Amino acid sequence: MAGLLRSPLVLARNTLRASAVRVCPPALIRTYRIDVKPTKKTAAVQDNEKAQPFTTTQDSKYRIERPPAAVVAFAHRLGLNQLKDQTLLMRIVTHPSYEKVGIATNERLDYLGAKVLDMFVLEYLHTKYPKMPTKMLQDAVSTYTKSSTLALMAKEFGVEDAARWIRSKPELEHQLAFNTVKASIVRATVGALYVDQGPIKAREFIHAHFLSRDFDLVQLLEIEEPKLYLSFLMKRLGRERPVARLMSETGRHSKAPVFIVGVYSGTEKMGEGFGSSLKMAEFRANKDALTKYYLEEQKDFALPSDVEVQGAVYTPTKVGDTPVIV
């Protein structure tokens, strides 16, 4: 009877010991098995990794990156989602200062875009203003293509959120400005369109986003003696010598007089100016006459690049005269 009463206790104690023995060792074994050495790669895998160190296309040594949301928004805003080579998106927004192994930058696209931009802007301004002096024409092209102008446009395009660049180290003498980075991305955009879509698409982009803007080109005409300059110009054109005539005045004997002077060649009034003195009004009238002559616009003109459009016929325009030598 006593043996029967003790048997359940003995069985329970033996059961607990057996369970402890079964649970603990497997746990220790699983812990040690986690920290294992990697298996050796086969020769085939090693050869494959040497051939393709990154995820790349067959024609590029750079790895493919998935554009973030800011770059996608930038691309859709400018229609860059229509590019045939979508890997150009990340390249456009990557400045050369962004030094990463296997990352393509926009250095080459920037250089190409600058030349394309200068070409189409120069073509447009040269055709629209055939009488514009060469120095003034150069300054006008620079007004459309300089970094400060491109930086303002980049802000409208959403470049600030998409740009990839690294600031210069504080100890360097020349610090990289963010406006320089933004301007390079705008130029790289033009270069990418030229490479991927062709010159016509690049020209359409430049006309839509650059040449659709109005800049004050009058201030680019710098002439110290407009009266003398205008006299030489009329002589070369075979026209009568310009004469200044007082058109109206008010308050001659007051503290704030105003004079309005017109400049005439024969019976034709070429310019008009005002001022607090006759000399100032005459100066401005001669300057206005020169401005109207050199900034005379051609209407319904054709561009040399129109021949690239199917069915277009190009009619050459007259090349303007050289500046007057005084």
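The values are calculated or read from the model by the stated rules, or taken from the named source; none is laboratory data. Remember, predicted model here, so these are calculated numbers, not experimental data. Here Cβ is always computed from backbone atoms with ideal geometry, including for glycine, and neighbour counts include all displayed protein chains. SASA here: full protein model, heavy atoms, side chains in, ligands and nucleic acids out. Shrake-Rupley method; radii C 1.70, N 1.55, O 1.52, S 1.80 Å.
Can you give the accessible area of ARG252 in Å² (nearest 10), computed on protein heavy atoms with a 1.4 Å probe?
Only protein atoms counted, so the area is about 110 Å².
How do VAL190, VAL243 rank by accessible surface area computed with a 1.4 Å probe, from largest to smallest? Before the final figure, lay out each step's value.
On the way: VAL190 0, VAL243 75 Å².
In descending accessible area the options line up as VAL243, VAL190.
Pairs LYS128/LYS287; LYS128/LYS292; LYS135/LYS269: which exceed 23 Å Cα-Cα?
Values: LYS128/LYS287 21 Å; LYS128/LYS292 14 Å; LYS135/LYS269 27 Å.
From LYS128/LYS287; LYS128/LYS292; LYS135/LYS269, over 23 Å: LYS135/LYS269.
Collect residues whose amide H, placed 1.01 Å from N in the peptide plane, falls under 5 Å from the amide H of GLY271; neighbours closer than 5 in sequence don't count.
VAL263
Among PRO257, PRO242, GLN298, flag the residue with its Cα farthest along the positive direction of the charge dipole of segment 213-326, charges on Cβ as +1 for Lys/Arg and -1 for Asp/Glu.
PRO257
Using a 1.4 Å probe and ignoring any ligands, DNA or RNA, find the accessible area of THR317 and quote it in Å² to the nearest 10.
Spelled out: THR317, probe radius 1.4 Å, area about 50 Å².
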